[in-house]
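First the structure, in the form of structure tokens, and then the observations on it.
The values are calculated or read from the model by the stated rules, or taken from the named source; none is laboratory data. All figures in this text were calculated on a predicted structure; none of them were measured in a lab. Cβ atoms come from the backbone with ideal geometry, glycine included; neighbour counts cover every protein chain shown.
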Amino acid sequence: MRDPEGIARVLREADSVCICSHVSPDGDTIGSALAMRLVLLGMGKHVRVFCQDKVPDVLEFLSGAEEIQFPEQNTEQYDLFLSVDVSDPARLGTCGPLRDCCRHTAQIDHHGTNPDFAEVNSVDGDASATCTMIREQMKHLDAPLTKEIAECLYAGISTDTGNFSFDCTDPEAFRVMGDLLEAGLPLAELSMRLFREKSKAQLKLLGRAVEKMTFEADGQIAVMTLTMKDFEECGALSEHADTLVNYGLETVGTRMALLGRENGDQRIKFSLRARAPLTVDDVAASLGGGGHNRAAGISMEGSLEATTRQVVRAMKARLQEKNGK
Ligand SMILES: [Mn+2]
């Protein structure tokens with residue numbers, strides 16, 4: 001349930017706030033954290049932002065991105081812990097223990113699978129992005145919308161709506177976009193930067209992933225895998241693979257897609273996608289992951305081949321169930 005008043009109350013009461021993003025951060029968790037940072041600084045609060053992993057290069061231009069710290073750098077105590085876009089405590093990664101340095105906890109999130117793990121929870125699985133909820137939160141705090149905050153919120157909303165094309169894209173997303181444009185959001189420039197420009201490494205990695213793509217279940221499931229060697233040979237980072245799974249789903253005839261990548265830490269990271277009415281959050285949850293109906297993720301231990309077979313098997317079962325076979 002959304003609880004912007006509850007969140008506003010604990011934010012007003014706190015003098016110092018520790019904001020945390022989820023592991024493998026995306027535009028929504030970083031945009032939410034940096035927007036809240038600016039809002040709280042404007043309210044005269046002491047604020048620090050933490051994330052287990054580094055900010056993706058493409059988001060480094062956002063105001064305050066250079067201030068985001070790794071949790072092991074923390075030396076302070078805070079009145080309030082605030083996580084944004086974090087679907088469950090495991091997604092905090094090494095930020096989890098920071099809660100012990102805070103007197104109270106709160107969260108703002110839009111994952112339907114969120115177990116309300118904070119003391120004060122504003123959670124709405126129907127919100128298109130956490131950043132749309134941050135805009136609502138700002139109204140409850142009477143916080144002014146600046147161009148810098150607008151850029152942060154745009155990063156989140158555009159990322160989570162697939163640049164305003166996924167079926168989660170709702171009227172609220174466009175209403176918030178109206179506010180952002182009024183605040184001076186340079187839409188064309190940022191859209192180019194976030195959705196069209198690709199680094200050479202990213203483009204090479206795309207070629208590699210597409211070349212290696214295979215199909216299962218009579219072409220209904222697209223499967224892509226990337227090894228550490230692929231990343232090295234392309235000069236690419238894991239973050240450069242973040243949206244590649246969509247190419248599988250965008251192939252004519254596919255209804256589900258999967259990208260598995262080696263992370264260099266004995267774990268395999270899977271991104272799952274489905275076309276409506278199929279779902280993948282249930283597939284992910286059955287293997288220890290989570291996420292949204294049509295976009296979910298899993299982190300598994302094992303070899304790339306073995307874990308990929310396991311995920312494909314679960315997706316096939318889901319497909320057969322849906323086909324009523
Ligand atoms: Mn999100």
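Key figures for this structure:
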quantity	calculated
Strands (runs of 3 or more DSSP E) fully within the range 54-134 counting 3 or more residues that are within 13 Å of the ligand (Cβ to nearest atom) and at pLDDT 95 or above	102-109
Residues of the range 146-191 classified as within 16 Å of the ligand (Cβ to nearest atom) and of a type outside the set (A, V, I, L, M, F, W, C), total	13
Any hit, the range 128-142, residues being over 26 Å from ARG91 (Cβ atoms) and assigned by TED's automatic domain parsing to the domain that holds ALA90	yes
Residue in the range 234-252 that is in contact with a strand residue (DSSP E or B) (Cβ under 8 Å, 6 or more places away or on another chain), assigned to a strand (DSSP E or B) and not charged (D, E, K, R) present	no
Top-ranked residue in the range 13-35 [being under 9 Å from the mean Cα position of the chain (by Cα) and among the hydrophobic types (A, V, I, L, M, F, W, C); ranked as farthest from the ligand (Cβ to nearest atom)]	VAL23
In the range 171-192, the residues that are surrounded by 14 or more Cβ atoms within 10 Å (Cβ to Cβ) and either at pLDDT below 95 or in a loop (DSSP other than H, G, I, E, B) (or both)	ALA183, LEU185, PRO186
Candidates ARG48, ARG9, ARG2, filtered to the one that is assigned to a helix (DSSP H, G or I) and either over 20 Å from LEU185 (Cα atoms) or more than 15 Å from the chain's Cα centre (by Cα) (or both)	ARG9
Given (1) buried (at least 24 other Cβ atoms within 10 Å of the Cβ); (2) within 21 Å of LEU153 (Cβ to Cβ), number of the condition ALA65 does not satisfy	(1)
Residues satisfying the stated conditions in the range 209-237, i.e. surrounded by 18 or more Cβ atoms within 10 Å (Cβ to Cβ) and hydroxyl-bearing (Ser, Thr, Tyr)	THR225
